[in-house]
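The values are calculated or read from the model by the stated rules, or taken from the named source; none is laboratory data. On a predicted model such as this, the values are computed, not experimentally measured, just so you know. Every residue, glycine among them, receives a Cβ derived from its backbone with ideal geometry; neighbour counts consider all protein chains shown. Accessible surface areas use protein heavy atoms only, side chains included; no ligands, DNA or RNA. Shrake-Rupley method; radii C 1.70, N 1.55, O 1.52, S 1.80 Å.
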Amino acid sequence: MPDDFLIAHNPEDGSRLPYLLRIPLGPDGVVLKARETWPRTGKVYCHRATGWPAEPDLVETVPTRSCVRRGASIDLVLDRGKENRSQFVLTRVRGREAVFWQTARTAKQARPAVGLPTARGSGIPTLEIVVDSHERYAWSFDHQQVTTRRDGLSAGDYAVEVGGRVLASVERKSLVDLVSTLTTGKMRYLLADLSSLPTAAVVVEDRYSAVFKLDRVRPAVVADALGEC
């Protein structure tokens, strides 16, 4: 069983982060300084602390149902009725580590450790992205040093070509489109086309948790189909 999630007063005088959090992850836990005791109105900025005090001035002790590290985030589920699910996102701001504590309510879209590249590719004078002619609302790539060209693609919605040969392709899906493709059996043919390329990916523009909020199709059917893919 995981340890309790602990909140205490920060013993440092004059700190802008008046609280200490101890996340029950690892043998010593993860200790952070925080602005608030819960992300109620927005993301809460946190910072690494040197350690947990020997005699903490506790504010709250909450039993933990689960605490799991997933890539650049820590998912915390507390054993209480309200304010029980949150996520700590570990990222970098201006080259320094930053931690943001958020909930589904305060962050409609979390993108941990993801940044949009803006520099030109090394050794590539110009990078052209081929956009499938059937893509209705295509990405514009305004913030990247690239050019785009419309053309028919046999696989994917966006591709990079060298010498007329597609080297990499991305298939873009909304959640509604993904569900339709899975339930009609079209996904296996789409994946077969993508598998013929050296590099390919399917990008779904939604959170995985949104699958379990679907009301027109059983979420388990979609989850099983994704696992099969």
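When the stretch 129-180 is filtered for residues that are of a type in the set (Ser, Thr, Tyr) and either assigned to a loop (DSSP other than H, G, I, E, B) or open to solvent by 40 Å² or more (accessible area, probe 1.4 Å) (or both), the ones remaining, listed by number, are SER133, TYR137, SER140, THR147, THR148, SER154, SER174, SER180. Considering (1) free of Cβ contacts under 8 Å to residues at least 24 places away in the same chain; (2) out of contact with any Ser or Thr (no Cβ under 7 Å at 6 or more places or on another chain), the lone condition that LEU175 does not fulfil carries the number (1).
For every residue, the table says whether it meets (1) closer than 17 Å to ASP151 by Cβ; (2) touching a strand residue (DSSP E or B) at 6+ places or on another chain (Cβ under 6 Å).
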site	(1), (2)
ALA168	yes, yes
ARG172	yes, yes
VAL176	no, no
THR181	no, no
MET187	no, no
ASP193	yes, no
PRO198	no, yes
VAL202	no, yes
GLU205	no, no
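If you go through the stretch 152-161 one residue at a time, do you hit one that is in contact with a Ser or Thr (Cβ under 8 Å, 6 or more places away or on another chain) and within 30 Å of ASP75 (Cβ to Cβ)? No: the stretch 152-161 contains no residue that is in contact with a Ser or Thr (Cβ under 8 Å, 6 or more places away or on another chain) and within 30 Å of ASP75 (Cβ to Cβ). Does the stretch 105-127 hold any residues that are loosely packed, with under 13 Cβ neighbours inside 10 Å and either of a type in the set (Ser, Thr, Tyr) or modelled with pLDDT of 70 or more (or both), and which are they? THR118, ALA119, SER122, GLY123, ILE124, PRO125, THR126, listed by residue number. Yes or no: GLU60 part of a loop (DSSP other than H, G, I, E, B), open to solvent by 20 Å² or more (accessible area, probe 1.4 Å) and closer than 14 Å to ALA8 by Cβ? Answer is no for this residue. Residue pairs, Cβ under 7 Å, 6 or more apart or interchain, first in the stretch 195-222 and surrounded by 12 or more Cβ atoms within 10 Å (Cβ to Cβ), second assigned to a strand (DSSP E or B) and hydroxyl-bearing (Ser, Thr, Tyr). List them. Short answer, once both residue conditions are applied: LEU197/SER169; ALA200/SER169. Filtering the stretch 84-101 to residues that are open to solvent by 70 Å² or more (accessible area, probe 1.4 Å) and closer than 17 Å to THR41 by Cβ leaves only ARG85.
Does at least one position in the stretch 44-53 carry a residue that is among the β-branched types (Val, Ile, Thr) and in a strand (DSSP E or B)? Talk me through it step by step, then tell me what you get.
Initial filter on the stretch 44-53 (among the β-branched types (Val, Ile, Thr)): 44, 50.
Filter once more, keeping what is in a strand (DSSP E or B): 44.
Scanning the stretch 44-53 turns up at least one residue that is among the β-branched types (Val, Ile, Thr) and in a strand (DSSP E or B).
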